[in-house]
Amino acid sequence: MFNIALDTLGCKLNQAETEAIGREFAEAGYRLVSPQDNWDIYILNTCTVTHVADRKARYQVRIARRHNPNGFICLTGCYAENGGDGITCPDANLILDNERKADIVAEIVRLFPLEVSAKALYEHGRTRSFIKIQDGCDNFCSYCIVPFVRRNKSCRGIDEIISEINLRQAEGYQEIVLTGTEIGEYASSGFNLAGLIKSILECTYIPRLRLSSLQPNEITPQLLALWQNPRLCNHFHIALQSGSDRILSFMQRPYVLTDYTRTLESIRACLPDTAVTTDVIIGFPGETDEDFLLSLRYVEKAGFARVHPFPYSERPGTLASTMSGKLDPAVIKTRLLQMMFVAKNASLQHRRQKIGMERDVLWENKTRGGLWFGYTPDYIRVYGKFNQKPVNTISRVKLGKIHTDGILATEIYPQA
């Protein structure tokens, strides 16, 4: 029996792929362990969306090598696709790009065959499962490396997706997250994303269904109407990237600010109690003080539940990497700190508005301080005290007061 540790960096799509790889290994008879445990084989599924992500991949492999000097290390994912070769990652024994990621189990089986093959139990928390419905992107936003590392667009069949969701529910999962590179572009056998979600709601009984990121133009009245079903989590993640139309045009984003605002208004008119989270890029080439101020003011007024600001990261090969007007790193850092301050206040204001309300919480894990935490459908992190382990249960709570990055539940009602 060989012990395999799986690790993931980056997006929800990577998490979904790592989960699928883990299930394949379990089916083949390998034992899955934590990266902190004694493993024979370590597999890292990587991200390359920023230079920081590249650095994290290299660092993670070095940590794994120090943990087990004689172990076998396999590097895969987007960093492997974009430049993770033996020179930049000498501690890796095997590097498989995204095109070969699907062969990773077969390759490990070839290199480390089992004398006796018996299915192992796949265990991954039994709380939230990420399911890939789509892959690939051809939007070519000027800053983004993803279309270069996930070139081939594809969508899974609706029956296959529904079957997998039913299997996850049978295993005890309470929430499914539908993910992909561009899930709003889902299309298979005449079904678009709205058709897929409608079919999932009709053909499965999973308590919660959550979506990963969408573009403003992908949120249609037909799609929003489905949120009348309470099983759909009332949370949308819609990347803003900039509050300046001039910068959005340089970024080659498929919308202008009025489109984004109109989408926010449509969501809130249809679903007033819905949370919207977003991403903002700071310091894109050519961003002036006025452009940045427009972004800052937009974030202040938009009512986002959570904002993830991050500095522009040049990706060789993208159009933005050839643009003039690159900013001094010190300027980017100053602007980033300003946006982080505004983002923190936006999140705090959103949570304060929820104080005194009741919400359902799916409990996930325990903090070092002894409190348990979980998430509401609108993705508020909630903390609570329990005498018994509540993990993977959903309970009704009263939101009491602000606590660190979430809200403390002052009352937790017995399950019906």
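Can you check what the net charge comes to around ARG268, using other residues whose Cβ is under 14 Å from the Cβ of ARG268 (Lys, Arg +1; Asp, Glu -1)?
-1
Just from the alpha-carbon atoms, what are the Rg and Dmax of the chain in angstroms?
21.9, 66
Give the list, by residue number, of cysteines in the chain with no other Cys Cβ closer than 4.7 Å, or say none.
Lacking a cysteine Cβ partner under 4.7 Å: CYS11, CYS47, CYS74, CYS78, CYS89, CYS137, CYS155, CYS203, CYS233, CYS270.
Pairs of alpha-carbon atoms within less than 8 angstrom and 6+ residues apart define the contacts here; what relative contact order does the chain have, in percent?
11
Once the Cβ-Cβ distance between TYR413 and GLN338 is put in as r, and R0 is 45 Å, what FRET efficiency do you end up with, to the nearest 0.05? List each step's numbers first, then the result.
Working: r = 41 Å, r/R0 = 0.92.
FRET efficiency, TYR413 to GLN338: 0.65.
Over 25 Å between C-alpha atoms is what I'm after, so list which of LYS12/LYS344; LYS132/LYS326; LYS153/LYS344; LYS132/LYS389 land there. Don't jump to the answer; show the numbers that get you there.
Working: LYS12/LYS344 23 Å; LYS132/LYS326 36 Å; LYS153/LYS344 36 Å; LYS132/LYS389 30 Å.
Table pairs above 25 Å Cα-Cα are LYS132/LYS326; LYS153/LYS344; LYS132/LYS389.
Grab the Cα-Cα distance for PHE112 and GLN228, subtract it from 0.36 nm times how many residues apart they are, and report the gain in nm with one decimal. Before the final figure, lay out the partial values.
Values: separation 116, 0.36 × 116 = 41.76 nm, distance 4.99 nm.
So the chain would gain 36.8 nm between PHE112 and GLN228.
Using the heavy atoms of the protein chains and a 1.4 angstrom probe, tell me the accessible area per residue for the chain in square angstrom.
46
Which length gain, in nm to one decimal place, applies between LEU167 and ALA269 when the Cα-Cα distance is subtracted from 0.36 nm times their residue separation?
33.2 nm
Counting only protein heavy atoms and a 1.4 Å probe, tell me what percentage of the chain's accessible area is made up of carbon and sulfur.
Ligands and nucleic acids excluded, carbon and sulfur give 52 percent.
The values are calculated or read from the model by the stated rules, or taken from the named source; none is laboratory data. None of these values were measured; they are calculated from a predicted model. With ideal geometry, Cβ positions are generated from the backbone for all residues, glycine too; neighbour counts draw on all protein chains shown. Please note that ligands, DNA and RNA were not included when accessible areas were found on the heavy atoms of the full protein model with its side chains. Shrake-Rupley method; radii C 1.70, N 1.55, O 1.52, S 1.80 Å.
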